[in-house]
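Notes to accompany the following structure.
The values are calculated or read from the model by the stated rules, or taken from the named source; none is laboratory data. For clarity, every value in this text was computed on a predicted model and none was experimentally measured. So basically every Cβ, Gly included, is an ideal-geometry build from the backbone, and we count neighbours across all protein chains shown.
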Amino acid sequence: MIPQKTVQEILETAKIEEVIQDYVNLRRRGVNMIGLCPFHNEKTPSFTVSPAKNIFKCFGCGKGGDPAKFVMEHEHLTYPDALRYLARKYRIEVEEVKLTPEAVAQQQAEESLYILNDYARQFYQDQLFETDMGKSVGLSYFKGRGFREETIRKFGLGYAPNEQDAFVKKATQTGYKLEFLKKLGLASQYDRDFFRNRVMFTIHNLSGKPIAFAGRIMEKDVKAPKYINSPETEIYVKNKNLYGAFFAKTAIRKADECILVEGYTDVISLHQAGIENVVASSGTSLTDGQIALIKRFTPNIKILYDGDAAGVKAALRGLDMVLEKDMNVRVVLIPDGDDPDSYLQKVGATAFQEFIDKQSQDFILFKTNLLLAETKGDPVKKAGLVRDIVDSISRVPDPFKRSFYVKECARVMELEEAVLVSEANKAVHQILQKRDLDKRKKQEVKINIVPEDGEFPTEVPPDDQGEHSFVAPKPRTAGHEFQERDIARILVEAGEKIYDEEENMTVAEFVLGNIEDVLEDFDNPEYLRIAKEAMQLVLGKSPVTTQYFIGHNDQTISELAVDLLHSPWEYSPGWELHEMYLRSQKKPEENFNKDSLSALLQFKLRKVIRLCEKNQLQMKEVASDDSTQLLRLMKVQMKLNEMRNELMKQLGMVVLK
């Protein structure tokens, strides 16, 4: 268990933008930062990070929270483990209270898959460096590829011995359960080692944890696949992972470019040579998940493929899908007979970098030139080429890019530009029609323009096509709930701020002291819960902090707190660019005194108006001969009207007579 003092230190030290930039490429927009959400696929950024409030919020999928919450969601960790992750990142020493055996067992159960994979990684690495067979077979292979020892250890390379159950025996004797070995694909259904006599490549997730393995066979002339991989598990989904992404993510952001290769050894070789912004698709065509992973760090991708016929076909396969994601794709063909690894060893790092920079070609123009060479003047084949190229161009979302491609391709193919423009427009129209049809098929509920309850959606985030769609937004608060929401927001955002320095009164004490008598009149139970939680903190002499609500054990409270703190509206960048700051008052987020007073008055005004309406109804229902009751209600009405008018006067509103 982590002491509360240490928890507080971790949460106060961790900076939300630094934590998230390890996984997402963020760019500044006003006082906030934006990027593509790592929790759902999107083309238009709706993922917002607020460094000032130290929280994130996605207006597309709704996820939000503090640095610990982000790590929990992204890495599928428990809250304590997310705190430990942040503590390691910021070099904060964690002296934990000794856990009970039951707590240890629970913690191991939650992390069992990661723990077991890490144990396997160490086992294979020990076999590589400490056994005769590992040294002679595995280590000699890696050193023959030119890998240095520090590189081998960094990437978690190893060797699986040529024995039936060497790993299974050692793991089960250590205390690991056979069912988990099978689940991770480390043991076969016959209780034997799945990986045997293979050099091992560890596959890491973005935080560096081992999630799977790939094994390359060392025997020759055997009827067995050259590579075998771990099966997919709850921590490893192949089409959403890229080999080497953990080691490349910082370099990709810095270079604003991702180099994509096919093999594990290509990644390791280039990385060792100082070209670190490189990942591998592990021999498969790029998938939506892998493309989304790259785009989180950069929109620019450079694909390196072997120069033989198979390599050329691989370069073309599936790349239209990358264009649809609005990425800038360039292709480099390594000279025939080589792969990126062998060519690097042949020419050296400097010459290799110069080669891929000079030889890279825009994908569409590369495809055009390549296919044009195959037509050899055949008009029928050339017509097919035109259709193929038009299909690729039509997938580019940016109309300016499409226009450029049309112009260049028309020049290369010696065609009238108008012909390509016409065909491209037809193709774009067909794609949009199909997309619209698919969307209608997936749509399960009708959305009324005016809902029956009279409430309207607040946020309509852009969908993956850059168009507007309704994605389960929360309803806009209506009537009294708007003021209740504002009270809850003030308590979460500024509860611990000082409202009155002379009396040392906090904002929470001021607000709650003025609404204590009407606390039970809240219409919205969630906002009432916030107010009651704040009241308990005040009564217990504890500060009403933002972190208390964001880190609340109740997920409903935690999510509501983030929602209250995050606004979809932003300051114009011109304010900062031209130093046009507010001069008549403080910025809204700093003006909590006036903000809390205004919210309080609005809240009380709504409640008084409601009492006025109720009292008027009672007056109408009083029997005509009951003059005493009618007179009493009239006096109450006069008093309520006075209270209403006074509140309206304080708010600067038109006073009703």
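For the range 409-439, the set of residues classified as exposed (fewer than 15 other Cβ atoms within 10 Å of the Cβ) and within 19 Å of Arg330 (Cα to Cα) consists of Val412 only. Of the residues making up the range 474-485, none is modelled with pLDDT under 65, exposed (fewer than 12 other Cβ atoms within 10 Å of the Cβ) and at positive phi. Listed by position, the strands (runs of 3 or more DSSP E) enclosed by the range 210-287 that each have at least 3 residues that are out of contact with any Pro (no Cβ under 9 Å at 6 or more places or on another chain) and assigned by TED's automatic domain parsing to the domain that holds Asn162 are 210-217, 227-229. If you go through the range 10-24 and keep only what is within 21 Å of Ala251 (Cβ to Cβ) and either among the hydrophobic types (A, V, I, L, M, F, W, C) or within 11 Å of the chain's Cα centre (by Cα) (or both), you end up with Val19, Ile20, Gln21, Asp22, Tyr23, Val24. I need the full set of residues from the range 332-373 which are closer than 16 Å to Ile389 by Cα and crowded, with 20+ Cβ neighbours inside 10 Å, in order please. The answer is Phe363, Ile364, Phe366, Lys367, Thr368.
For (1) buried (at least 18 other Cβ atoms within 10 Å of the Cβ); (2) at pLDDT below 80, each residue gets a yes or a no:
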{"site": "Ile550", "(1), (2)": "yes, no"}
{"site": "Thr556", "(1), (2)": "no, no"}
{"site": "Glu590", "(1), (2)": "no, yes"}
{"site": "Asp595", "(1), (2)": "yes, yes"}
{"site": "Ser598", "(1), (2)": "no, yes"}
{"site": "Lys604", "(1), (2)": "yes, yes"}
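Residue under question is Pro210, and the condition is that it be under 30 Å from Pro38 (Cα atoms) and either hydroxyl-bearing (Ser, Thr, Tyr) or in contact with a helix residue (DSSP H, G or I) (Cβ under 8 Å, 6 or more places away or on another chain) (or both); does it hold? For Pro210, the condition - under 30 Å from Pro38 (Cα atoms) and either hydroxyl-bearing (Ser, Thr, Tyr) or in contact with a helix residue (DSSP H, G or I) (Cβ under 8 Å, 6 or more places away or on another chain) (or both) - is met. Residue-level analysis places Ser342 outside the set of residues that are closer than 24 Å to Asn277 by Cα, among the hydroxyl-bearing types (Ser, Thr, Tyr) and in contact (Cβ under 8 Å) with a residue 12 or more places away in the chain. Residues of the range 64-93 that are assigned to a loop (DSSP other than H, G, I, E, B) and either among the aromatic types (Phe, Trp, Tyr) or surrounded by 20 or more Cβ atoms within 10 Å (Cβ to Cβ) (or both): Asp66, Leu77, Tyr90. Restricting attention to the range 165-200 and to residues that are aliphatic (A, V, I, L, M) and free of Cβ contacts under 8 Å to residues at least 60 places away in the same chain, the residue that is farthest from Leu113 (Cα to Cα) turns out to be Ala166.
Filtered by the rule that a residue be surrounded by 18 or more Cβ atoms within 10 Å (Cβ to Cβ) and in contact (Cβ under 8 Å) with a residue 24 or more places away in the chain, the range 527-546 gives Tyr527, Ile530, Ala531, Glu533, Ala534, Leu537, Val538, Val544, Thr546. Among the residues making up the range 239-252, a single one is among the charged types (D, E, K, R) and closer than 13 Å to Ile275 by Cα: Lys249.
For Ile389, the conditions (1) in a helix (DSSP H, G or I); (2) over 15 Å from Leu316 (Cβ atoms) are fulfilled apart from (2). The one condition from (1) surrounded by fewer than 16 Cβ atoms within 10 Å (Cβ to Cβ); (2) under 21 Å from the mean Cα position of the chain (by Cα) that His204 does not meet is (1). Search the range 117-138 for residues that are under 25 Å from Thr233 (Cβ atoms) and pair each with any residue that is part of a loop (DSSP other than H, G, I, E, B) when their beta-carbon atoms are under 6 Å apart and the residues are at least 6 apart or on different chains. From the range 117-138, the pairs are Ala120/Leu186; Arg121/Gly156; Gln127/Pro161. With the condition kept exactly as written, say whether any residue in the range 154-162 is in contact with a helix residue (DSSP H, G or I) (Cβ under 7 Å, 6 or more places away or on another chain), surrounded by 14 or more Cβ atoms within 10 Å (Cβ to Cβ), touching a residue at least 60 places away in the same chain (Cβ under 8 Å) and of a type in the set (Phe, Trp, Tyr). Looking through the range 154-162, at least one residue is in contact with a helix residue (DSSP H, G or I) (Cβ under 7 Å, 6 or more places away or on another chain), surrounded by 14 or more Cβ atoms within 10 Å (Cβ to Cβ), touching a residue at least 60 places away in the same chain (Cβ under 8 Å) and of a type in the set (Phe, Trp, Tyr).
For the range 38-95, residues that are among the polar types (S, T, N, Q) and over 23 Å from Phe297 (Cβ atoms) total 1. Can you tell me which residue in the range 8-33 is modelled with the lowest pLDDT, limited to those that are buried (at least 19 other Cβ atoms within 10 Å of the Cβ) and more than 19 Å from Val94 (Cβ to Cβ)? Across the range 8-33, the extreme among qualifying residues is Asn32.
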